[in-house]
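Okay, so here's the structure we're looking at.
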Amino acid sequence: MQWHAVAASGRADFYLEMHSPRFARQGDTLNIEVEVPIGADEQLHIGTVDGSSKDVRRDSSHLKMTTFWDYLGSRYDRSWVRTMRFKNDAEITIFTVNKTNKSFAKTNVDPINCGEKYINYRIRGGDSLIFYDGLAEIDWISFSGYQEIDAILITGLPSGDGK
């Protein structure tokens, strides 16, 4: 197949990085599920704490986890449900660009910690961390329903250290 850019800003690599696109009818739930490639006693860094979510988007794409892990809340569509599946016990720390707004983090499990600019979860192997974008509240001061993620640190735990 030959690439023809429609605009000067068009990039073929954008489409080549789409490892497994997801689709849903308008108004239906769009489930975005990924398997997180982490083993016991391993660490996975998605992005770096640098005040930008662009590297989170890039790194999650390179890990074949889609590009949609750079925000908490509802950024694109309230019908989205994003799921991280774990084969092993893991601790997930999400660093936010700005002060963490817990009303954007609507998940199937409660965080074990929430600090000024981070939120932290523990998940058992075989379980999932599910983000319900449609349940995110609106921040009427910023007129937004989401906030950018600065980095995600996932640490594989020895079996039994999940929840």
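The values are calculated or read from the model by the stated rules, or taken from the named source; none is laboratory data. Since the model is a prediction, treat every value here as computed from it, not as a measurement. Note: ideal-geometry Cβ built from the backbone for every residue, glycine included; neighbour counts use all protein chains shown. All accessible areas refer to the heavy atoms of the entire protein, side chains included, with ligands and DNA or RNA removed. Shrake-Rupley method; radii C 1.70, N 1.55, O 1.52, S 1.80 Å.
Looking at the structure I just gave you, is Val49 of a type in the set (A, V, I, L, M, F, W, C), part of a loop (DSSP other than H, G, I, E, B), open to solvent by 60 Å² or more (accessible area, probe 1.4 Å) and out of contact with any His (no Cβ under 6 Å at 6 or more places or on another chain)?
On the way: of a type in the set (A, V, I, L, M, F, W, C): yes; part of a loop (DSSP other than H, G, I, E, B): yes; open to solvent by 60 Å² or more (accessible area, probe 1.4 Å): yes; out of contact with any His (no Cβ under 6 Å at 6 or more places or on another chain): yes.
Spelling it out, Val49 is indeed of a type in the set (A, V, I, L, M, F, W, C), part of a loop (DSSP other than H, G, I, E, B), open to solvent by 60 Å² or more (accessible area, probe 1.4 Å) and out of contact with any His (no Cβ under 6 Å at 6 or more places or on another chain).
Kindly establish whether Thr67 is out of contact with any Gly (no Cβ under 6 Å at 6 or more places or on another chain), polar (S, T, N, Q), in a loop (DSSP other than H, G, I, E, B) and within 24 Å of Gly27 (Cβ to Cβ). Give the derivation first.
On the way: out of contact with any Gly (no Cβ under 6 Å at 6 or more places or on another chain): yes; polar (S, T, N, Q): yes; in a loop (DSSP other than H, G, I, E, B): yes; within 24 Å of Gly27 (Cβ to Cβ): yes.
So Thr67 passes the test.
Across the stretch 135-163, what is the number of residues that are surrounded by 15 or more Cβ atoms within 10 Å (Cβ to Cβ), small (Gly, Ala, Ser) and not in a strand (DSSP E or B)? Lay out the reasoning, then the answer.
First, pick out the residues of the stretch 135-163 that are surrounded by 15 or more Cβ atoms within 10 Å (Cβ to Cβ): 135-136, 139, 144-157, 161-162.
Those still in the list that are small (Gly, Ala, Ser) too: 136, 144-145, 151, 156, 162.
Next, only the ones that are not in a strand (DSSP E or B) stay: 136, 145, 162.
Of the residues in that region, 3 qualify.
Given the condition open to solvent by less than 80 Å² (accessible area, probe 1.4 Å), over 12 Å from the mean Cα position of the chain (by Cα), among the aliphatic types (A, V, I, L, M) and at pLDDT 95 or above, answer yes or no: does some residue in the stretch 17-25 qualify?
The answer is no; no qualifying residue exists.
Does Asn98 meet the test of being closer than 17 Å to Leu44 by Cβ and out of contact with any Phe, Trp or Tyr (no Cβ under 8 Å at 6 or more places or on another chain)? Walk me through how you get there before you give the answer.
Values: closer than 17 Å to Leu44 by Cβ: no; out of contact with any Phe, Trp or Tyr (no Cβ under 8 Å at 6 or more places or on another chain): yes.
No; evaluated as a whole, the condition is false for this residue.
How do the pairs read when you match residues in the stretch 105-126 that are closer than 19 Å to Ala40 by Cα and assigned to a loop (DSSP other than H, G, I, E, B) with residues anywhere that are open to solvent by 60 Å² or more (accessible area, probe 1.4 Å) and not hydroxyl-bearing (Ser, Thr, Tyr), using Cβ under 6 Å and keeping only pairs 6 or more apart or on different chains?
Arg124/Lys163; Gly125/Lys87
So Ser61 ticks every box in (1) at pLDDT 95 or above; (2) open to solvent by less than 20 Å² (accessible area, probe 1.4 Å); (3) more than 14 Å from Ile154 (Cβ to Cβ); (4) polar (S, T, N, Q) but one. Which box is left unticked?
Here Ser61 clears every test but (1).
In the stretch 70-93, which residues are part of a strand (DSSP E or B), more than 20 Å from Gly126 (Cα to Cα) and open to solvent by less than 30 Å² (accessible area, probe 1.4 Å)?
At the first step, the residues of the stretch 70-93 found to be part of a strand (DSSP E or B) are 71-73, 80-85, 90-93.
Subset that is more than 20 Å from Gly126 (Cα to Cα): 71-73, 80.
The answer is Tyr71, Leu72, Gly73.
Condition first: of a type in the set (Gly, Ala, Ser) and surrounded by 15 or more Cβ atoms within 10 Å (Cβ to Cβ). Now tell me which residues in the stretch 104-133 satisfy that. Full working, then the answer.
Keep residues of the stretch 104-133 that are of a type in the set (Gly, Ala, Ser), which gives 105, 115, 125-126, 128.
Passing the criteria: Ala105, Gly125, Ser128.
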